[in-house]
1. Report yes if Ile187 is closer than 24 Å to Phe39 by Cβ and touching a residue at least 24 places away in the same chain (Cβ under 8 Å), otherwise no.
2. If Ile88 meets every condition in (1) part of a loop (DSSP other than H, G, I, E, B); (2) modelled with pLDDT under 95 apart from one, which number is that one?
3. Return yes or no: is Ile5 hydrophobic (A, V, I, L, M, F, W, C), within 13 Å of Val98 (Cα to Cα) and in contact with a Ser or Thr (Cβ under 9 Å, 6 or more places away or on another chain)?
4. If we scan the range 56-63, do we find a residue that is touching a residue at least 12 places away in the same chain (Cβ under 8 Å), under 19 Å from Gly94 (Cβ atoms) and either buried (at least 20 other Cβ atoms within 10 Å of the Cβ) or aliphatic (A, V, I, L, M) (or both)?
5. Can you pull out the residues in the range 43-68 that are out of contact with any Lys or Arg (no Cβ under 6 Å at 6 or more places or on another chain), of a type outside the set (S, T, N, Q) and not in a helix (DSSP H, G or I)?
Amino acid sequence: MVSDIALMKHHVNVLFKKDDNNRMTFVNEPPNEAAPRIFIGGTQLGNVVRYSNALEENVIKKLERSIHADFAIDLAEIITILNTDRQISNFWTGPAFVFPDVSSITTKAIRITDFNKDCLKQNFPYIYEVLKYKQPCFAIIEDEAAVSVCCSARQTNEAAEASLATFETYRGRAYAIDASIAWAAEIQSQGLLALYSTSWDNFASQSVARKLHLIQYGTDIHMK
């Protein structure tokens, strides 16, 4: 059994590349944009905190006084410190989940490879272009076109984070559930953790998480 705080560490490592000092450098996904200035992952066992390697040491020291390894976080002070250094341009927060064992569940999703990826062109041209970075990828097919896709958004040697999309006119048919389960089963068969996260204002994504019976292990915040 992997602890919540260990899952949060896997989560941040999947999301962002880091340097030898454990400072975040880039988003772990093409086009590899700069990582946020701070990541805070809260769990029932404590917090996982990572800083950007672009932050000055004096700013990090100020932030460390507002963040503790247990549960105490002065979010208002953190925002003030970052805004004083440079105005915050993006604030993201949401729940983080892990898939339960789905190895025994069968679905009608099919795996998408270079041999059949043309089915992505109509509804998911972006995934078609970057498919080699998104493996494994599974889809529900209607009329020879992919209508719901679940693939790897980001991945390490220990875990992968799901990316899920369903074409608008095919929503509400549980296609996202099938595609997600097929993806997670493949990830788990490789001995990796299958992770899923979303934002608090993405109600559709949270609904999918509930239907999949995903296990929430924490909440994360990142600010640029």
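1. The answer is yes for Ile187.
2. (2)
3. Working: hydrophobic (A, V, I, L, M, F, W, C): yes; within 13 Å of Val98 (Cα to Cα): yes; in contact with a Ser or Thr (Cβ under 9 Å, 6 or more places away or on another chain): yes.
It is true that Ile5 is hydrophobic (A, V, I, L, M, F, W, C), within 13 Å of Val98 (Cα to Cα) and in contact with a Ser or Thr (Cβ under 9 Å, 6 or more places away or on another chain).
4. If we filter the range 56-63 for residues that are touching a residue at least 12 places away in the same chain (Cβ under 8 Å), which is where we start, we get 56, 59, 62-63.
After this cut, where a residue has to be under 19 Å from Gly94 (Cβ atoms) as well, the list is none.
Checking the range 56-63: not a single residue is touching a residue at least 12 places away in the same chain (Cβ under 8 Å), under 19 Å from Gly94 (Cβ atoms) and either buried (at least 20 other Cβ atoms within 10 Å of the Cβ) or aliphatic (A, V, I, L, M) (or both).
5. Scanning the range 43-68 gives Leu45, Gly46, Val49, Arg50, Ala54, Glu56, Ile67, His68.
Matching residues to (1) under 20 Å from the mean Cα position of the chain (by Cα); (2) assigned to a strand (DSSP E or B); (3) surrounded by fewer than 18 Cβ atoms within 10 Å (Cβ to Cβ); (4) not assigned by TED's automatic domain parsing to the domain that holds His10:
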site	(1), (2), (3), (4)
Asp114	no, no, yes, yes
Ala146	no, yes, no, yes
Ala176	yes, no, no, yes
Gln188	yes, no, yes, yes
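The values are calculated or read from the model by the stated rules, or taken from the named source; none is laboratory data. Everything numeric here is computed off the predicted structure, so don't read it as measured data. Ideal geometry is used to build each Cβ from the backbone, glycine not excepted, and the neighbour counts take in all protein chains shown.
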